[in-house]
Amino acid sequence: KVTVPKPHEQRIITIANQKGGVGKTTTAVNLAAALAHQGMTVLVIDLDPQGNASTALGIDHHSGVPSSYELLIGEVSVKEAIQQSPHSERLLCIPATIDLAGAEIELVSMVAREGRLKTAIQEANIAGYDIDYVMIDCPPSLGLLTVNAMVAAKEVLIPIQCEYYALEGVGQLLRNIGLVQSHLNPELHVSTVILTMYDGRTKLADQVAEEVRAHFGDVVLRSVIPRSVKVSEAPGYGMTVLDYDPGSRGAMSYLDAGREMAARALARRDGADGAA
Ligand code: ADP
Ligand code: MG
């Protein structure tokens, strides 16, 4: 069943923030699951050697499984590396294995080192799957893996944790996005900021939310992801929170976020058409 409008063209979204533990992986898998639940076909590319996104999606990612590593070094195609989540036929994943840990260094000496993921995605044209959304989960650094993700995507989604020092490092992230934009990928832009681990009982969470909205304006989603035990438990069962506890506040908030993202892209596009 389709409950959100399909995008006019495939959206490739990089989920980045060089700070660890802000909810990148949690957002990548749960937003992907939400959009799949709403009728979209979604591919998650796990670019973090930790492989947490692969784990959360219940995807086999032991060393030797065709993965984002082999994809980057050109040993396999998207088609060979893609797996289907056991929980949804519309949710696909290219996993990360521990082999990816060396890639940051291996890539340095490779030809077109910043554009390898983009080329791999383009060459495959992600054939036969009719993918609406590609979500790329980045490691907590601004190295070559993250640069590959930023070159492959049009959009950056930045998760920001509603905690002290929420905006710490964001300036550096934005400067890096600017560098990629001016040298490698002119279309790249921050399309979405999502507030994560929001605790409504604290004043701090509201202060942070206000500060982030003041800083980023209307790219910040109205939907806010609450801090919730269910969200943090789900990956331990190889599940997203949508499968683990579909009625939970965490699941609902990611469904809301998915709806909002789908609607906003269309609104922007229609707005642009109107202005032209
Ligand atoms: P990152 O990928 O940015 O390093 P993660 O998505 O792995 O961050 O999240 C860091 C930790 O916070 C994980 O243990 C995760 O389960 C937990 N977490 C993320 N989002 C929530 C949430 N909304 N409520 C509770 N725990 C969360
Ligand atoms: Mg992560």
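The values are calculated or read from the model by the stated rules, or taken from the named source; none is laboratory data. Treat the numbers as computed from the prediction; the structure is a model and nothing was measured. All Cβ positions, glycine included, derive from the backbone under ideal geometry; neighbour counts span all protein chains shown.
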Query raised in the report: Any idea which of 193, 180 is aliphatic (A, V, I, L, M), modelled with pLDDT of 95 or more and either over 29 Å from residue 152 (Cβ atoms) or in contact with a Phe, Trp or Tyr (Cβ under 6 Å, 6 or more places away or on another chain) (or both)?
Result: 193
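Yes/no matrix, rows are residues, columns are (1) touching a strand residue (DSSP E or B) at 6+ places or on another chain (Cβ under 8 Å); (2) more than 23 Å from residue 12 (Cβ to Cβ):
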site	(1), (2)
193	yes, no
197	yes, yes
203	no, yes
215	no, yes
223	yes, no
228	no, yes
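Conditions (1) within 22 Å of residue 133 (Cβ to Cβ); (2) modelled with pLDDT under 95; (3) of a type in the set (Phe, Trp, Tyr), marked per residue:
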| site | (1), (2), (3) |
| --- | --- |
| 33 | yes, no, no |
| 37 | yes, no, no |
| 40 | yes, no, no |
| 65 | no, no, no |
| 68 | yes, no, no |
| 78 | yes, yes, no |
| 92 | yes, no, no |
| 96 | yes, no, no |
| 106 | no, yes, no |
Query - Residue count for the range 25-59, restricted to those that are within 12 Å of residue 98 (Cα to Cα), part of a loop (DSSP other than H, G, I, E, B) and touching a strand residue (DSSP E or B) at 6+ places or on another chain (Cβ under 7 Å) - result: 2
Query raised in the report: Just for the range 221-271: of the residues that are free of Cβ contacts under 8 Å to residues at least 12 places away in the same chain and among the aliphatic types (A, V, I, L, M), which one is surrounded by the most Cβ atoms within 10 Å (Cβ to Cβ)?
Result: 252
Report task. Go through (1) under 22 Å from residue 173 (Cα atoms); (2) in a helix (DSSP H, G or I); (3) touching an Asp or Glu at 6+ places or on another chain (Cβ under 8 Å) and name the single condition residue 204 misses. Result -> (1)
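Could you list, in sequence order, all residues of the range 1-24 that are assigned to a loop (DSSP other than H, G, I, E, B) and within 16 Å of ligand 1 (Cβ to nearest atom)?
Of everything in the range 1-24, those that are assigned to a loop (DSSP other than H, G, I, E, B) and within 16 Å of ligand 1 (Cβ to nearest atom) turn out to be 16, 17, 18, 19, 20, 21, 22, 23.
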Query raised in the report: With respect to the numbered conditions (1) within 13 Å of ligand 2 (Cβ to nearest atom); (2) surrounded by fewer than 24 Cβ atoms within 10 Å (Cβ to Cβ), which one is the sole condition not fulfilled by residue 81?
Result: (1)
Query raised in the report: Does residue 167 meet the test of being surrounded by fewer than 20 Cβ atoms within 10 Å (Cβ to Cβ) and either in contact with a strand residue (DSSP E or B) (Cβ under 9 Å, 6 or more places away or on another chain) or modelled with pLDDT of 95 or more (or both)?
Result: yes
Requested in this report: Take the range 87-115 and flag every residue that is under 23 Å from residue 63 (Cα atoms), within 18 Å of the chain's Cα centre (by Cα), more than 16 Å from ligand 1 (Cβ to nearest atom) and not polar (S, T, N, Q).
Outcome: 91, 92, 94
Query raised in the report: Which number in (1) over 18 Å from the mean Cα position of the chain (by Cα); (2) away from ligand 1 (no atom under 12 Å from the Cβ) marks the one condition that residue 220 misses?
Result: (1)
Requested in this report: Out of the residues in the range 116-162 that are within 16 Å of ligand 1 (Cβ to nearest atom) and of a type in the set (Ser, Thr, Tyr), state the one that is nearest to the chain's Cα centre (by Cα).
Outcome: 146
Report task. Keeping to the range 95-121, report how many residues are among the hydroxyl-bearing types (Ser, Thr, Tyr) and either part of a helix (DSSP H, G or I) or over 24 Å from residue 42 (Cβ atoms) (or both). Result -> 2
Query raised in the report: Out of the range 223-251, which residues are in a helix (DSSP H, G or I) and within 18 Å of the chain's Cα centre (by Cα)?
Result: 231, 232, 234, 235, 241, 242, 250, 251
